[in-house]
Structures are given as structure tokens and as C-alpha cells.
Amino acid sequence: MSLQKPSRLRRKASLRNLVRETRLSVDDLIRPIFVTHRNKRFEIKSMPGQFHFPLDEIEETIEATMKLGINGIILFGIPETKDEMGTDCVNKNGIIQQAVKKIRGSFPELIIITDACFCQYTIHGHCGILDKNRSIDRKSSLKQLQKQALSHVGAGADFVAPSCMIDGMVKYIREAFDNNGYENRGILSYAVKYGSAFYGPFRDAVDSAPRDGDRKSYQMDPGNVREALKEAQIDENEGADIIMVKPALPYLDIIRLVKNQVCCPVAAYQVSGEYAMIKAAAQNNWIDEDESMIESLLGIKRAGADIIITYFADAAAKLITS
Ligand code: PBG
């Protein structure tokens, strides 16, 4: 038999472009945005190039993102006050509610997703309301989650993304939407969310690290695979429109397996620590920032993600379209 020569298809860029199996598109990307009540933009130290945006700069930064062809954002709020119950997260004039209203008014076509959780809003930094044993109280947390989700869609969000990993979260939000005239609003579920060290910079950014204990009793154990499939299946059955795996790069196998199991679109979240690693290494000239960014995003897509939430959204879009 003649020599097998796969390298024949790699001889020049035009050929490599012709036979490339996976391509990134700006349509895949969602940009996370942090909003604050403060009146000045503030750079997040452990996430160079990422900011807390004041309400009156939010439209400007979104406009720039949309000019790059990106059509989706996910919003995180830094509230003015925190308390035991995370009350500010259901406030009509809360940071997310105000931001969504403003953004919706200016950009009717934009896909607005809101993160729904309590850790930014509670003094203790846990992702739900706690009972007297300092464990998550499921019933009262889910009730509060319904109110939070309703206030987000009431302000104009297209999708609410529950990230608290409380059993039943998708079911409760779906019911709240359907019973209140929001049958058309969606749920992007953080269905498969691992208890990960890679959320470190985000927790610094929004001051949401748990004051005592950790999140291991509700976020998933990094060693588990079948549990991920179970979580994904439950959330799809409860009515999630999109299933998310988070973080992305250390869990590419999970993204693929979830993709093969569920019928709805699969999203992956390239989280703060993944972003920070690439940024820090690139700042030291240890790796090339653009190439490693694109390679990591391509890997996430190749694994099966239809949608990628990434702090690199704008930077990647610039490279993809140039
Ligand atoms: C809220 C939430 C977190 C992230 C998204 N939503 C933090 C956490 O669970 O600790 C992490 C995002 C990131 O690291 O970029 N629960």
C-alpha cells in the first residue's frame, strides 16, 4: 500500500481552511457583563480587561460588543446591600432589574440572560437561604428564586440562568414563568456546575466567596461523570431550554457526553479562572494570548458546546471576523 499522507491536506492555509472540521463563529459567543451602582467603571484586578460597569456606561459597552456581531450577554449584578436572605436580588430597583430595563429599551434584538443566584446578595455568600443548621433551605430558597427570576423577565430578560444548584430550580422557575404570563421566556440552566477552584477571580470580583464552609454540598464533585448526565437530564425534563456545563476546559469530556445525551442546545462557561490563567501567562509572554484564547474556545466547541460564555467574547469576535 502506498504511504498514507494526511499531511497532504495541511500544505497551505487555504487547504487547512477548506478541511477544518470545527469553526468558531461570533454567533456562538455570549459576553458576561458585571454591573454596579457605583458611578465609575472599575477594572477587576484578577481579570484584566474586565470591568464593573456603572449603569450609565452599560449601553455604550454593549453597543461596541454588538458591532462585533455578538448578540448575547449574561449579566451579573453587584448589589448595594447584602443581608441574610439576599433581599436585594428581588428588588424592583435592584441593579440587575435596572440594568435589564435600560438595556432592553435600547437593544430590542439583543439576547439578555441574567444569572439568578443569591451568593452576591447574601452576607454569608452561600447560593441560597440558610436554615438554622447553616445548610441551604430548599423551600424558601426556591420561593425567593421564583421571585428573582420573575423580576428579571419582568424587566425584559429573555433567559434566566439559575446557578444556585438547588434541586428543583428549573421546575420552580418554569412554573413561575408559565403561571405569570411568561411562557415564552427561557431558562438556561447551570445544570452541570462543578465545585471548582476556577471561580476564584469571579468571587473576588463580586465579593461572593462563602464566609464559612464551601459549596461542596450543592455544587458537583469534580470526579463525577454519571452524576453530570443525571443533572442534565433532570433539568431538561424540568423544562430547561439550554443546558450548561461549567467550567469548560477541565470538563471537555462532560461537555461531549452531555451533548450526546440531551436534545436541547448545550452551553459551556469558560469561567473567570480559565480567563485569568490565559491572561496571566500571556502577560508574562509565556504563551500567545490570541492563539491560546482561540485554541481554548475551539476546543470547547469541538467538545460539543453550541454556545460559549466567555470573557474573551469581544476579543475572539475581533479575531474571528478579521
Ligand atoms: C454564582 C455564579 C458563579 C459564577 C457564575 N455564577 C460563582 C460561583 O458559583 O461561585 C462563576 C463565574 C466565573 O467564575 O466566571 N453562583
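The values are calculated or read from the model by the stated rules, or taken from the named source; none is laboratory data. Remember, predicted model here, so these are calculated numbers, not experimental data. Don't worry about glycine lacking a Cβ; one is built from the backbone with ideal geometry, like all the others, and counts go over all protein chains shown. SASA here: full protein model, heavy atoms, side chains in, ligands and nucleic acids out. Shrake-Rupley method; radii C 1.70, N 1.55, O 1.52, S 1.80 Å.
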Looking at segment 70-79, is at least one residue assigned to a loop (DSSP other than H, G, I, E, B), surrounded by 15 or more Cβ atoms within 10 Å (Cβ to Cβ) and at pLDDT below 95?
-> yes
Quick one: ASP253 ticks every box in (1) surrounded by fewer than 18 Cβ atoms within 10 Å (Cβ to Cβ); (2) part of a strand (DSSP E or B) bar one, so which box is it?
-> (2)
When restricted to ILE287, ILE308, ILE320, ILE294, the only residue within 16 Å of the ligand (Cβ to nearest atom) and either assigned to a helix (DSSP H, G or I) or more than 23 Å from ILE136 (Cα to Cα) (or both) is ILE308
Limited to segment 226-240, what total is found for residues that are more than 11 Å from LYS193 (Cα to Cα) and surrounded by 16 or more Cβ atoms within 10 Å (Cβ to Cβ)?
-> 7
When ILE136 is run through (1) farther than 25 Å from VAL35 by Cα; (2) open to solvent by less than 50 Å² (accessible area, probe 1.4 Å); (3) more than 14 Å from the ligand (Cβ to nearest atom), the failure sits at (3)
Would a scan of segment 260-279 turn up a residue that is in a helix (DSSP H, G or I), away from the ligand (no atom under 16 Å from the Cβ) and open to solvent by 50 Å² or more (accessible area, probe 1.4 Å)?
-> yes
Output for segment 241-250, where each listed residue is open to solvent by 40 Å² or more (accessible area, probe 1.4 Å), within 16 Å of the ligand (Cβ to nearest atom) and among the charged types (D, E, K, R) | none
Which residue, of HIS52, HIS37, is within 17 Å of the chain's Cα centre (by Cα) and open to solvent by less than 90 Å² (accessible area, probe 1.4 Å)?
-> HIS52
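Yes or no, residue by residue, for (1) in contact with a helix residue (DSSP H, G or I) (Cβ under 7 Å, 6 or more places away or on another chain); (2) modelled with pLDDT of 95 or more; (3) crowded, with 23+ Cβ neighbours inside 10 Å:
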position	(1), (2), (3)
VAL90	yes, no, no
ASN93	no, no, no
ILE96	yes, yes, yes
ILE111	no, yes, no
GLY156	yes, yes, no
VAL160	yes, yes, yes
MET165	no, no, yes
Check on ASP306, closer than 15 Å to LEU249 by Cα and surrounded by fewer than 22 Cβ atoms within 10 Å (Cβ to Cβ) = yes
Counting only residues that are of a type outside the set (D, E, K, R) and within 18 Å of the chain's Cα centre (by Cα), segment 223-247 contains a total of 8
